[in-house]
Amino acid sequence: MQTNSVSFPSEEDRAAALAKSLHGWRVPIVRLDAILHWEQPPALGGIIAGITLAFLLIGWLQPPLVSMLAIVGLLLLIADFVVPLAASWLLSSGVAGIAWTEADDRRYRDTCTRLVGVWDSVSGLAAQLLTLRRDRPQFYLAIALPALLSLLVLAEKINNLFLAYLIIVSGLLLPGLLGSGVAASAARQLYELIRARVQALQQRSAGSKDPKAE
């Protein structure tokens with residue numbers, strides 16, 4: 001009897017398919033990747049300033065949620081048609097010295113590979129949660145319930161619009177923090193501080209248990 005084996009595409013194949021599907025966006029993606037990795041600080045500052053202005057306008061005008069979602073969807077729809085055409089025209093005309101190089105092509109493919117890796121991490125985490133919910137529902141509930149309650153308390157204490165602003169700005173700064181090693185250095189210093197405090201508490205506890213020498 002012949003068995004049919006299901007073969008899944010490799011990460012390289014999926015990255016190549018993603019690069020092909022986003023071909024029209026390759027110039028903005030490469031430029032944005034450079035900006036998010038802090039290679040162009042003025043551009044990053046301009047993006048954050050624009051986002052800040054947009055959130056200030058939203059907080060001032062306070063549009064209905066449905067209207068705001070419709071506006072965002074409309075802007076994304078327009079960008080999906082305009083950006084590829086504009087990028088193609090800029091590359092063909094050579095305006096502002098924009099040209100597609102081999103370094104840009106390598107960076108574009110590396111970015112697509114990282115995006116596939118992020119998707120794999122998110123989907124793997126979701127699969128682990130579903131497996132945990134099926135096999136150990138009590139443990140799943142013990143994790144999910146406090147996390148959701150903490151999120152609820154946080155949303156009640158902090159303005160939701162300001163919270164969304166913090167999440168977006170943090171997401172924009174995260175690639176640069178990870179790439180520059182600032183986040184790793186901060187995490188290492190925090191670990192050393194916690195370890196020193198724990199050792200001090202252990203020594204204090206051991207000293208209190210020792211009998212006093214007469």
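The values are calculated or read from the model by the stated rules, or taken from the named source; none is laboratory data. The model shown is predicted, which means the values in this text are computed figures rather than measured ones. Backbone-built Cβ (ideal geometry, glycine too); neighbour counts: all protein chains shown. Keep in mind that these areas ignore ligands, DNA and RNA; they rest on the heavy atoms of the full protein, side chains included. Shrake-Rupley method; radii C 1.70, N 1.55, O 1.52, S 1.80 Å.
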Item to check | PHE162 versus ARG136: modelled label distance in nm, points set 7 Å from Cα along the beta carbon direction | outcome: 3.8 nm
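If R0 is 22 Å, what FRET efficiency do you get for ARG109 and TRP38 from their C-beta distance, rounded to 0.05? List each step's numbers first, then the result.
Details: r = 21 Å, r/R0 = 0.96.
So, using R0 = 22 Å, E works out to roughly 0.55.
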Checklist entry - Can you give me the relative contact order of the chain as a percent, contacts being Cα pairs under 8 Å and 6 or more apart? => result 33 percent
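Quick check for you: with a 1.4 Å probe and neighbouring chains kept, what is the accessible area per residue of the chain, in Å²?
Numbers: 16630 Å² over 214 residues.
Spelled out: the 1.4 Å probe surface of the chain, per residue, equals 78 Å².
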Item to check | Compactness relative to 2.2 N^0.38 Å, alpha carbon Rg of the stretch 73-141 | outcome: 1.87
Checklist entry - How many percent of all Cα-Cα pairs in the stretch 12-207 sit more than 31 Å apart? => result 42 percent
Checklist entry - When the chain is modelled as a GNM with alpha-carbon springs shorter than 10 Å, which of ILE48, ILE71, ILE29 fluctuates the most? => result ILE71
Checklist entry - What dipole magnitude, in Debye to the nearest 20, does the chain give about its Cα centre under +1 on Lys/Arg Cβ and -1 on Asp/Glu Cβ? => result 640 debye
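Report the gain in length on full extension from LEU91 to ALA54: 0.36 nm times residue separation, minus Cα-Cα distance, nm rounded to one decimal.
On the way: separation 37, 0.36 × 37 = 13.32 nm, distance 2.98 nm.
Contour length minus Cα-Cα distance gives 10.3 nm.
If you roll a 1.4 angstrom probe over the protein chains with everything in place, what fraction of the accessible area of the stretch 12-207 belongs to carbon and sulfur, to the nearest %? Numbers along the way, then the final one.
On the way: 10040 of 14310 Å².
Its accessible area is 70 percent carbon and sulfur atoms.
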Next on the checklist: How tilted is helix 11-21 with respect to the longest principal axis of the chain? Cα atoms for both, answer in degrees (0 to 90, nearest 10).
Outcome noted: 40 degrees
Next on the checklist: Could you derive backbone 3J(HN,Hα) for the stretch 118-123 from the dihedral phi with the Karplus parameters 6.51, -1.76 and 1.60 (θ = phi - 60°), listing whole Hz in sequence and x where the residue is Gly or Pro?
Outcome noted: 5, 4, 5, 5, 5, 5
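To the nearest 500 deg cm²/dmol, what mean residue ellipticity at 222 nm is calculated for the chain from DSSP H runs of n ≥ 4 alone, each contributing -39,500 (n - 2.57), summed and divided by the residues? Mind showing how you got there, number by number?
Numbers: 8 runs with 176 residues, N = 214.
After summing the helix terms and dividing by residue count, I get -28500 deg cm²/dmol.
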